[in-house]
Amino acid sequence: MKRTGVWAGLVIFGVLLAGCRASQFEQLPPNEIISRSAGRMASLQGFEFLIERSGEPVFLDYEGTISFRRAEGQFTSPDRVNTSVRVIMPGLVTEVQIISVEGTQWETNLLTGEWQASDPRYSFNPSLLFSPETGIPAVLAHELADPALLGMEEIPEVPGKKLYALETVMPGDSAYQMTFGMIDNEPLRVKLWIDPVTFDLYRVLLVDPANPGDEEDTLWQIDFWSFGSTFQIEPPTINN
Amino acid sequence: MPASTKTQPGLLLALISIPIFIGALDLTVVSAVLPHVIVDLEIPLQTGLDDAAWIVTGYLLAYSVSMTFMGRLSDLYGRRHIYLIALVIFAFGSYIVAVAQGWPTQLALRISYLFVSGRLDASYVTLYVLIAARMIQAFGAGTMVPVGMALVADIYPADKRARSLGVIAAVDTAGWVVGHLYGGIIVRFWAWELIFWLNLPICLIAFLLIWYLMRGAPQVRSAGSMDWFGALLITAALALLNIGLGTSTDGVTLNALDEKSGLSPYSLPLVFAAFIFLVLFLWRQKKARYPLLALSLFKRQNYLAASLANFLVGFSLFVAIANVPLFINTLVATSLEQGAWDSGWMLSALTIPLALASAPGGWLSEKRGYRLPAAAGLILAVFGFMLMRSWEPATPYAILAYQLALSGIGIGLTMAPIAAAVVNASPPDQRGISSALVIIFRLIGMTVGISSITTYDLLRADALSEMLLSAQPTLSETVRVGMEVTEQVISETFVIAGMVAALALIPVLSLKSTFNQTSEVKNERE
């Protein structure tokens, strides 16, 4: 009898706990979650980011020899980006540092690490990704179609934190414009992970479908953290 | 008193030798496949080369460290047990290397995210897992050499012991001699991970056979205790030395984007700390009741001189071993597969003559004393290194091979006399540890060689690139200058290797003559 009472108590406690957890977050429609996340992102002073490409390679040059692998860096609103871009060339993996300030861009020389003005043919421009007009905040706010809430999920990089997991579709031209042509001009499946309390966008996963002849889809995973931090990003000193 | 077993000693010697051979093979196998591994792991050249070099250095370091004290541990706890445990450690390390990019990296990432925020670079996490696994492998492989030698010494009667110890030493040398070629062949046709997968069935068979065949053998155990403090001190000294020599400010961080490569401010303090730990180790060995190393041996002139020569020969030898793949992969080969294949064959032009010349070196030292063949060999090696400094991309492979063979023959002629000088200078009951010391000093020389030469290469390449490049270089200019700089740096390191080999002439010329050697033996007999 005593044991039954203990079990009943535990069940009631569990139900109450689940109820508390469920009511911890607002039950919002998917559009509203994304809209609040877009607003939050646009209001941030800065953040850190990591863009990783996996699956089918994406080339930065017309000859198809330099492929993009990852870019990690810091963004300070409205248009300062400091990033380290890893590219894969035949038999060689190398990194280029890029700084963008007010639309002007510099990069480090592959061999010496010395700063130089960016080659205009170089097709990775990180500031475009975070541009309030055409970048991720704008796409989140206006361009995503038919979002669906998949549930609450954790990502391994942020253990113990449940995030809204949503799925939606991004128009191809938005992705193409945002990435300066690195992503094909086709509609993309997008998965988003958003903090249910702050509405910080933790992760965006873009699935670029395989073109005829490709072996697999290209996956673009964009992670954000250090929300609201500011970073001192200034034009580099160029030695002549 | 040899331990009695029902099994043929020859069969046991062969069984013990196989894992030792594979362990030594894995010491150099990576020099041929390293470019593959770096690209496969997506490690960037600028910031990752220093760390990636630890795939080689870490193995050398753990291999040398385990050799310094695991032999003593087997004296205390039984050789069979320690040998079998070492075999399991080696196999486990091989498995982790083979699967490093899979679950070990995922596990390391998950654990790391419990403690760090932000995002970790999975490529580097895999690299560190790989380095740790290589060190586990090496700890097992290094342990097997002195314990294998001691096992053999237990099995064989005194009059046949020297030859069987020689077999183990030869098997160890043969392993690292053919390692590059083996690696080159594997990556030409298969993935580099296969090298490590192949270790597993061999280790399993060796484990079962040694466990079964030696189950009746009495476990010879010494009295006394293990000098753990001494082991800790020598480990710290060797580790700090390697980290110090291999440390440069390669990490161009996001917060210090305009930092240049250069020697880290930690380098000299680390090297100094290594020196302090070495002094402490020597002090400890002098005071300890059961030391790991009988320092009194180094009072014998031949012992000290030959050990020093071994260290310097190890240094210059590894410069050549590192430079050949670098030269071919950077300046000659058009693909990584071709680079690994060509490097493997070209290194054989150094290592096979080296192994073959050991025999006449030993014969000459018996007939004419240690000094003459050792000095002649060093002069030949220096000559070869000086010829190699003029290598350029257009140099035909035949010329490279002939010059490498010159140095290989030279070093080969030197090895046997200096090894014999150490072993013959030791009393009979110390010959086991002395045989291991011959390998240890050469390995430490190789470890210091790879660490310091990698740092030199990076610093020098950086300085030369700055000097030669224009303010706004085009991609083609950058590539051209990069190749010129690599050629120049390789040329300079061959000169350094030649100078270090020439420096080894000093201890070699101080070796006592045959007359004294005979006296030593006579004294010993009396």
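Scanning region A:115-125 turns up no residue that is more than 13 Å from every other protein chain (Cβ to nearest Cβ), acidic (Asp, Glu) and surrounded by fewer than 21 Cβ atoms within 10 Å (Cβ to Cβ). Exactly one residue out of B:Val324, B:Val319, B:Val382 is closer than 22 Å to B:Gln488 by Cα, among the hydrophobic types (A, V, I, L, M, F, W, C) and modelled with pLDDT of 90 or more: that is B:Val382.
Listed by first and then second residue, the pairs linking a residue in region B:478-496 that is in the same structural domain as B:Val313 (by TED's automatic domain parsing) and crowded, with 20+ Cβ neighbours inside 10 Å to a residue that is in a helix (DSSP H, G or I) and aromatic (Phe, Trp, Tyr), with Cβ atoms under 7 Å apart and 6 or more places separating them unless they lie on different chains, are B:Ile490/B:Phe327; B:Thr493/B:Tyr456; B:Phe494/B:Phe385. Applying the set (1) surrounded by 17 or more Cβ atoms within 10 Å (Cβ to Cβ); (2) within 14 Å of chain A (Cβ to nearest Cβ) to B:Arg79 leaves exactly one unmet item: (2). The set of residues in region B:365-402 being in a loop (DSSP other than H, G, I, E, B) and either outside the structural domain of B:Leu317 (by TED's automatic domain parsing) or of a type in the set (Asp, Glu) (or both) consists of B:Glu392 alone.
Based on this model, can you work out whether A:Val101 counts as within 14 Å of chain B (Cβ to nearest Cβ), touching a helix residue (DSSP H, G or I) at 6+ places or on another chain (Cβ under 8 Å) and over 30 Å from A:Asn31 (Cα atoms)? No: the conditions fail for A:Val101.
Here is a yes/no grid of residues against (1) closer than 21 Å to B:Gly179 by Cα; (2) among the aliphatic types (A, V, I, L, M):
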| position | (1), (2) |
| --- | --- |
| B:Ser307 | no, no |
| B:Val324 | yes, yes |
| B:Thr330 | yes, no |
| B:Gly339 | yes, no |
| B:Pro373 | no, no |
| B:Leu380 | no, yes |
| B:Phe385 | no, no |
| B:Leu404 | yes, yes |
| B:Gly410 | yes, no |
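As a summary of the residue check, A:Leu188 satisfies the conditions (1) surrounded by fewer than 19 Cβ atoms within 10 Å (Cβ to Cβ); (2) of a type outside the set (Ser, Thr, Tyr); (3) without any contact (Cβ under 8 Å) to a residue 60 or more places away in the chain except for the one numbered (1). Please verify whether region B:197-209 includes one or more residues that are part of a helix (DSSP H, G or I), of a type in the set (Gly, Ala, Ser) and over 30 Å from B:Ser335 (Cα atoms). Within region B:197-209, one or more residues are part of a helix (DSSP H, G or I), of a type in the set (Gly, Ala, Ser) and over 30 Å from B:Ser335 (Cα atoms). Checking the stated criteria, B:Ala108 turns out not to satisfy the condition of being closer than 17 Å to A:Val93 by Cβ and within 12 Å of chain A (Cβ to nearest Cβ).
Scoring A:Thr112 on the criteria (1) away from chain B (no Cβ under 14 Å); (2) outside any strand (DSSP E or B); (3) of a type in the set (S, T, N, Q) leaves a single failure, condition (1). One residue stands out among those in region B:111-139 that are within 14 Å of another protein chain (Cβ to nearest Cβ) and of a type in the set (A, V, I, L, M): the one that is surrounded by the most Cβ atoms within 10 Å (Cβ to Cβ), which is B:Leu127. Of the residues screened, B:Ser465 is one that is over 17 Å from B:Met415 (Cα atoms) and part of a helix (DSSP H, G or I). Residues considered: B:Gly93, B:Gly142. Of these, the only one that is crowded, with 22+ Cβ neighbours inside 10 Å, touching a residue at least 60 places away in the same chain (Cβ under 8 Å) and not hydroxyl-bearing (Ser, Thr, Tyr) is B:Gly142.
The values are calculated or read from the model by the stated rules, or taken from the named source; none is laboratory data. Quick caveat, the model's predicted, so the values are computed rather than measured. Here the Cβ is made from the backbone with ideal geometry for all residues, glycine too, and neighbour counts use every protein chain on show.
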